[in-house]
Each structure stands twice: as C-alpha cells, then as structure tokens.
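The next block holds one structure in the form of structure tokens; read it before the comments.
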C-alpha cells in the first residue's frame with residue numbers, strides 16, 4: 001500500500017513489514033487469541049469479522065496504520081499506529097494530528113528474536129519521518145516487562161505509572177505504564193533487524209492502553 005504519506009512493504013533485517021490481506025486472518029487469529037498473548041492485552045480475544053473491519057478501515061486512512069510482519073514467509077507479528085490530536089489552545093492548529101500511539105503483538109512461537117523491537121522502531125519511523133508527528137506514546141500493564149523493555153529499547157521514556165488503573169481479568173486491578181518519545185528525541189530506527197536465527201529478548205506483546 002502507498003499513500004501520499006506512507007509506503008509499504010518495508011524490510012527490517014529479515015523481517016518484511018506489510019499491510020494485511022484477507023488471507024492473513026486465520027493465521028493471525030491463531031496466535032493473536034492465544035492465552036499467552038491475550039493475557040497482556042486490554043482488548044483480549046478478537047473475531048475474524050472485527051479484524052477484517054479494522055484492516056479495511058486502516059487501508060483508507062493514512063493516520064490509522066495496521067501492519068503485519070513476515071519472517072521467512074510466516075506472519076509472526078502485528079503492529080498499529082493510531083494518530084490523534086494532541087492538546088492545545090484554539091489560536092493554532094499545530095496540535096491537530098500531532099500525536100500517535102503504537103501497539104504491537106508477537107506470536108509466542110517467535111519471541112526472543114527482536115521482532116517486537118523492530119516493529120516498534122518501524123512504526124516510530126513512520127510516525128516521525130513520514131507523518132511528521134510531534135509525540136508518540138505506548139502503554140502496557142506494568143507486569144508486562146517484555147513490552148516496556150521494548151519501549152525503552154526504541155528510545156521511549158516512562159512518563160506515567162498509573163497505580164491500579166487497569167483491570168486485569170486474572171489479577172484484578174493492576175498498575176499500568178505509559179511511555180512516550182518526542183520527534184526531536186528520537187534517534188531513528190535500529191540499524192539492524194531480526195534474523196532467522198533466534199536472539200535473546202524478553203517476550204513482548206502490547207496494545208495501546210485505553
């Protein structure tokens with residue numbers, strides 16, 4: 001897909017980032033609804049119709065990016081970038097469509113290879129380089145160490161520690177973290193991406209909080 005702002009696919013190491021198609025639904029849902037993944041997501045199980053609708057919407061809106069990541073021809077991860085207005089006074093519209101939030105999820109069979117870091121870095125590249133955003137955030141349950149470590153690896157800082165601000169079906173009220181990075185703080189995407197050989201990285205799945 002190519003819009004006036006963003007072009008896909010993109011290559012990051014051996015990872016190929018691209019827009020979804022209807023043929024991907026069954027493969028993605030097979031791991032997206034795995035309890036190992038849904039345990040750390042605010043939006044837990046997802047059905048095929050809802051996934052297709054979300055992908056269709058993103059195809060028509062450059063400010064709503066949804067991508068999949070292929071490794072050796074297999075869909076191993078997904079990523080999202082949602083653009084929204086920031087906060088600002090009415091004397092200027094510079095704050096409109098100035099902020100984004102990213103999310104990512106990785107097939108549990110493919111964690112530990114730097115895939116989440118590559119997807120997050122690519123989404124930040126789109127946010128700042130292609131869309132010219134001012135600020136990008138990401139959120140996760142505080143207990144999801146793998147996810148917030150990925151945020152730190154791509155240069156995001158922890159801005160908020162919400163005390164028991166999120167309901168978890170297993171754990172009850174739990175803490176949540178919000179991370180962010182500004183355009184002038186971002187150092188760029190990692191120079192290298194995942195390879196077919198496993199690497200050491202904590203498992204990392206997240207969706208934007210809220």
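Observations
- Sequence of 174, 74, 126 once ranked by neighbouring C-beta atoms within 10 Å, starting from the fewest: 74, 174, 126
- Across every pair of non-identical alpha carbons in the chain, the mean reciprocal distance, once inverted, gives a Kirkwood radius of 17.3 Å.
- Applying Stokes-Einstein at 37 °C and 0.692 mPa s to the Kirkwood radius of the stretch 20-93, computed over alpha-carbon pairs, gives a translational diffusion coefficient of 233 µm² s⁻¹.
- Between the stretch 130-145 and the stretch 89-122, the alpha-carbon center distance in angstrom: 5
- The relative contact order of the stretch 71-141 comes to 34 percent, based on Cα pairs under 8 Å that sit 6 or more residues apart.
- Whether the stretch 101-167 is rounded, prolate or oblate, judged on the alpha carbon gyration tensor where a/c under 1.5 counts as rounded: oblate
Values in this text are rule-based calculations from the coordinates and carry no lab data. The shown structure was predicted, so the numbers you read here are calculated from the model rather than taken from an experiment. Counting neighbours? That spans all protein chains shown, and the Cβs are built from the backbone with ideal geometry, glycine included.
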